[in-house]
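Report on the structure given below.
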Amino acid sequence: MKKNHPVNEAAMIPEITAKLCASYRQGEAVSYLDDQDLPQRELVIEVLEQMLELLFPGYSGCVGFRRDSLDFTTGELLSRVRHALARQLGRALCYNCRVEQHREESCGADDMPKCRARAEEMADAFLRKLPAIREMLLLDCQAALDGDPATRSKDEIILAYPGFKAIAIHRLAHELYTAKVPLVPRIMSEYAHTMTGIDINPGATIGRSFFIDHGTGVVIGETAVLGDNVKLYQGVTLGALSFPKDGCGHLIKGTKRHPNLEDNVTVYAGATILGDVTIAHHSVIGGNVWLTDSIPEPYSRVVFTPAEMSIRIRKNNLPYDPLLFAGANI
Amino acid sequence: MKKNHPVNEAAMIPEITAKLCASYRQGEAVSYLDDQDLPQRELVIEVLEQMLELLFPGYSGCVGFRRDSLDFTTGELLSRVRHALARQLGRALCYNCRVEQHREESCGADDMPKCRARAEEMADAFLRKLPAIREMLLLDCQAALDGDPATRSKDEIILAYPGFKAIAIHRLAHELYTAKVPLVPRIMSEYAHTMTGIDINPGATIGRSFFIDHGTGVVIGETAVLGDNVKLYQGVTLGALSFPKDGCGHLIKGTKRHPNLEDNVTVYAGATILGDVTIAHHSVIGGNVWLTDSIPEPYSRVVFTPAEMSIRIRKNNLPYDPLLFAGANI
Amino acid sequence: MKKNHPVNEAAMIPEITAKLCASYRQGEAVSYLDDQDLPQRELVIEVLEQMLELLFPGYSGCVGFRRDSLDFTTGELLSRVRHALARQLGRALCYNCRVEQHREESCGADDMPKCRARAEEMADAFLRKLPAIREMLLLDCQAALDGDPATRSKDEIILAYPGFKAIAIHRLAHELYTAKVPLVPRIMSEYAHTMTGIDINPGATIGRSFFIDHGTGVVIGETAVLGDNVKLYQGVTLGALSFPKDGCGHLIKGTKRHPNLEDNVTVYAGATILGDVTIAHHSVIGGNVWLTDSIPEPYSRVVFTPAEMSIRIRKNNLPYDPLLFAGANI
C-alpha cells in the first residue's frame, strides 16, 4: 500500500477508467452500452409489482382503490402498465434483434419501429390475459387456505405468503416466456426467487390450484409439467438428471429434461425428483425422497426408509468431544 | 397477435378494466377496496425497521444517535413508532371486526373508534415490552458470539447476521401474535423470511440465548416450543407430521402439532423433526437426521448412519457419461 | 391492557425512553452512538451496487452509459465510488481502532486522520483491482453459460442469475477481507445472501470459472479453498466438522476448518462436505452425499446409495390416513 504515492493517486482515476473502458469495448455481448436495448431490471420489477396490484387491488397498500372510483383507478393503472410494459418488451425485442443479427449496435431506423410495434402488440395480448390469470390465482389462493393449518384467511395469503407471491409472478412470467419474450420473464422469476427463495423457471408449466408451503429452496426446472392440485413443500427440487451434449461437447439447450407431476400429486419437504419422469396422479412423494424413476401407478405413496440412527447418551455436562460430532456438525 | 386491429387496441383498456373490476366486485375477501382497513405492508415494515433501530440504536446508520441528545432522539423515534404502529394495528383490528361480522364494509361510525382506541392500548402495551425484548436480544447476540467461530464481534452480528435479524423480528412479531393481532405479525415474519431465508411462524415460542447459524431454509412451525440455549443450523425443519381434519375434511386449525426442544438442544444442518415430539435437554440432533419420535433421555446424541456411498475412479478426462450421473445430477 | 390509564399513557414515552437509554449506556459494544464510526449498511450496499455497475456497465439500467461518453461516465462513477468507499472504510478502521484500544469513544484528534488516510489508500488499492476482477467475472459468466442448459445468453446471466451476483459480490468482498477491513466485507456478503440465498463467507478462496446453479441454501465457510472450474448446485454446504475450543472452553477463531476442492470438482444439489478435507481434481460429488473424509484420488465419482424406498398404492380416493404420512409430512 505504501506504493501509493500522491502522484499515482492523482493518476488513479484516469488509469483505472482507461483499463475498464478498454475491457468494455472489447466485450462480446458482456457490456451494455448506449442505453438502447436490454430491459431495465428495476423498471421491469416496478411494472411487475403494478401488475400484481391489478390482480389484487389494494393489497400492497400503495394505491388507494375505492369502490366509487374503482374503474377509473383500475383503468388508469392498467394504462400505465401498458406503456411501461411495452417499453420494456420493446427493449427486449430490440436486444434480440441485435443479437440474432450479430450486430454491435441496437436496432436502427429500419428495425426499431418494427420492434416497438411488435412490443405493443405483445403487451396488449398479454394484458388481455390478466382477468384469466386472476381467476387462476384465486384458485391458488383457495388451495393455500385448504392446505395450510396455520393460515387464517385469504387476505393473509395474498398479503404475506411467499408461495403465493411466487406462483403469481410465475403465471405472469410464463405468459411472456410462452410468447418468446427474451430476458424479461427471467428477470421476473429471479425477482420472485430473491423475494421468496422459490426458483421457478418461467418455462415451467403449472396447472390450477397450486400450493407451495414455506418454499425456501424449491427449484422447478424449465421443462417441468405440473397438473392441477399439486402441492409442494420447502426444499423440493424438480430437476434434470443429465444434460445431453452435442458433438462438440456443448450443452444442447431446450430439450425436455424435467419431471411431470400429474393431478393431485403432493411432494413433501426436501424431496428431489430428477429427469423426464412421470409421477402418476394422486401420488404422494415423502420427505427427502430421491427419485429418478417414474411412478406409473396412480395413488402411489413413496416414502424412504429413514436412515438408521444411533442414539447415545452422553455423561452429564461433559464438554463436547469433537469426535462425538463426526458427521453431525456444520 | 395479428388479430389486434387498431380498433381493438383503442377498446382494450376499457374492456380489460371492466373484466377486472367485475371480478374485484364479486370477490369474497379477495379484493381490498376503500383503503379503510387491512394493514399496509410497506408501512408495517417501515415501523418494524424503526423498532429494530430502537432496540439497537445506530446500527442501521439511518438515524444519527448521539450521546448528548440520546434521550431526545430515542423519545422522538419512539413517539413516531407509537403512532405508526397504532395506525397499522387499528387497520388490522378493523379488518378483523369486519371479517368476524361478515360485513362487506369496514368499521362504521360505531366500531371504528373502538378499534382505534384498542389499537392504541395494544401499541402502548407492546412498546412497554421493548426494553425487555432488548435484554433478550442481547442474550441472543452473546449466544451467536459464543457459537460461531467466524464471528469477530457483537457489532458484526447486529449489523449483518441473518439469524440475529430473524430472531429480533420474531421476538417482536411473537408479542403481537400473543396479543392476537391479525395479519401484522405474519407480515413481519414473512419480511424476515424474505431477508434471511429463515421462516419462523410468529406463533413459535422461543427461549433465551437462541442462535441460528447461516439459516437459509430453516422452518419453525407455529406451535413449536424451544427452551433456552437452543442452537439451530441452516435447513433445519421443526414441522408438523400430519394435519388432523374435521368431519367435513377441513383442516383443524390451531392444534399443537410441532416439536418441543428443551434447554440446550442443538440441531445440526438439514435435520428434520416432525410432530408434537419432545427432545430432552442437552441433546444433540445430528445433520440430516429425520426424526418423528421423542428423545426422552437428556444428553442424547442422535446421529444418522450416513448412507452407503460408492466411490469409483473415472478414466482421466473421458467425457462425462450421462449414466454416470444417475442419481447425482440436477 | 385495561391497566393503561390515561395518566400512564402520557408518561409512557418518557418511561420507556429512560429504560432504553439506560440500557444503551451500559451496553458493552452493543450500542452504536455518536455516529462516528461503524460502517453504514445502506451506504455500503449503495457503493457495492455502484461497483457492480462499474464491472458491468449498463446492466442495472440505472446509469446511462453511451459509447461516445463512455470514459467520462465511467470516470465520474469511479470517482464517486472512491469517495463513498473511502468514507465507509474510514468508519470501519476507526471502529477497529476504538475496539482494539478498548476505548468507549471514537478515534480522537490523533487517530482519526491516520484512519482516514489509511482508508483512502485502501480504497485506491482496492479500486486498482477492479479491471482484474472484471476479467475474473467474465470467466465466471462463461462458466455459467457452459454449465446451464436453460441459459440463453451472457446478458441473461449478468442481468438475472443469483449465482453470478453472489460470486461478483464475493470477489469484491474477498479483496476487502484479505486487506483485513473489518465489518464491511461481511455486510457485503450478507447482502448477497439476502438477495440470492447463497451464503459465501468473505474469507473463502475461490478460483477461476466458478459456477453456482440455482444456489438457494449454498453455504461456503470462511476457510474453504476452491480451485478453478468448480461447479456447485443449490443446497451444497462446505462447512466445518467441529470447532476446537481453548482451555477456557471458548471457540478458537480463525483455524482452518473448511473443505478444499481442487480444480474441476462438481458438487451436486444438497451435498454436504465438512471439515478440512480435500476433494481431488475432476471429482464429482453426487447429490445429497454427506462427506467428512478426503477424496484423494482424482477423477473420483462419489454417489450415495439412495435410501431404500417403499412404494404402496392407496385405494382410490380414500381420505388420507395420518399414519400413512409418518415420516413424510411437514
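The values are calculated or read from the model by the stated rules, or taken from the named source; none is laboratory data. Treat the numbers as computed from the prediction; the structure is a model and nothing was measured. FYI the Cβ positions are ideal-geometry reconstructions off the backbone, even for glycines, and counts take in every protein chain you see.
Going by the conditions given, is B:Thr272 crowded, with 24+ Cβ neighbours inside 10 Å and either in contact (Cβ under 8 Å) with a residue 60 or more places away in the chain or at the interface with chain A (Cβ under 8 Å from one of its Cβ atoms) (or both)?
For B:Thr272, the condition - crowded, with 24+ Cβ neighbours inside 10 Å and either in contact (Cβ under 8 Å) with a residue 60 or more places away in the chain or at the interface with chain A (Cβ under 8 Å from one of its Cβ atoms) (or both) - is met.
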Residues of region C:239-263 being more than 14 Å from chain A (Cβ to nearest Cβ) and within 22 Å of C:Pro296 (Cβ to Cβ), in sequence order, are C:Lys256, C:Asn260, C:Leu261, C:Glu262, C:Asp263
List every residue pair whose Cβ atoms sit under 6 Å apart, with the two residues 6 or more apart in sequence or on different chains, where the first one lies in region A:54-78 and is closer than 18 Å to B:Ile187 by Cβ and the second, anywhere, is at pLDDT 90 or above and in a loop (DSSP other than H, G, I, E, B). A:Gly61/B:Gln40
Would you pick out the residues in region A:182-209 that are part of a helix (DSSP H, G or I) and of a type outside the set (A, V, I, L, M)? A:Pro185, A:Arg186, A:Ser189, A:Glu190, A:Tyr191, A:His193, A:Thr194, A:Thr196
Got a sec? Which of C:Gly249, C:Gly207, C:Gly254 is surrounded by fewer than 19 Cβ atoms within 10 Å (Cβ to Cβ) and in contact (Cβ under 8 Å) with a residue 40 or more places away in the chain? C:Gly207
If we scan region C:184-195, do we find a residue that is within 11 Å of another protein chain (Cβ to nearest Cβ), in contact with a strand residue (DSSP E or B) (Cβ under 6 Å, 6 or more places away or on another chain) and either surrounded by fewer than 21 Cβ atoms within 10 Å (Cβ to Cβ) or over 24 Å from A:Gly197 (Cβ atoms) (or both)? no
Evaluate the following for B:Phe65: is it over 28 Å from the mean Cα position of the chain (by Cα), assigned to a loop (DSSP other than H, G, I, E, B) and at pLDDT 80 or above? yes
Could you tell me which residue of region A:156-181 is surrounded by the most Cβ atoms within 10 Å (Cβ to Cβ), considering only residues that are assigned to a helix (DSSP H, G or I) and free of Cβ contacts under 8 Å to residues at least 24 places away in the same chain? A:Ala160
Which listed residue, of C:Asp213, C:Asp124, is surrounded by 23 or more Cβ atoms within 10 Å (Cβ to Cβ) and either more than 15 Å from the chain's Cα centre (by Cα) or more than 10 Å from chain A (Cβ to nearest Cβ) (or both): C:Asp213
Regarding A:Arg134, is this residue buried (at least 24 other Cβ atoms within 10 Å of the Cβ), within 7 Å of another protein chain (Cβ to nearest Cβ) and in a helix (DSSP H, G or I)? no
With the checklist (1) touching a residue at least 40 places away in the same chain (Cβ under 8 Å); (2) touching a strand residue (DSSP E or B) at 6+ places or on another chain (Cβ under 9 Å); (3) surrounded by 21 or more Cβ atoms within 10 Å (Cβ to Cβ) in hand, flag the one item B:Gly227 doesn't pass. (3)
State whether one or more residues within region A:101-118 are more than 7 Å from chain B (Cβ to nearest Cβ), within 24 Å of the chain's Cα centre (by Cα) and assigned to a helix (DSSP H, G or I). no
Hits in region A:163-183 - residues which are more than 20 Å from B:Asp199 (Cβ to Cβ) and among the hydrophobic types (A, V, I, L, M, F, W, C): A:Leu172, A:Ala173, A:Leu176, A:Ala179, A:Val181, A:Leu183
Quick one: in region A:22-41, which of the residues that are farther than 18 Å from C:Thr74 by Cβ and acidic (Asp, Glu) is modelled with the lowest pLDDT? A:Glu28
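So, in region C:38-63, how many residues would count as being more than 14 Å from chain B (Cβ to nearest Cβ) and farther than 19 Å from A:Ser23 by Cβ?
Residues flagged as more than 14 Å from chain B (Cβ to nearest Cβ) and farther than 19 Å from A:Ser23 by Cβ within region C:38-63 amount to 3.
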For residues that are more than 10 Å from every other protein chain (Cβ to nearest Cβ) and out of contact with any Pro (no Cβ under 7 Å at 6 or more places or on another chain), scanning just region B:171-183, find the one that is nearest to B:Leu54 (Cα to Cα). B:Leu172
Is it the case that A:Ala166 is farther than 22 Å from B:Leu238 by Cα and either of a type outside the set (Phe, Trp, Tyr) or away from chain B (no Cβ under 12 Å) (or both)? yes
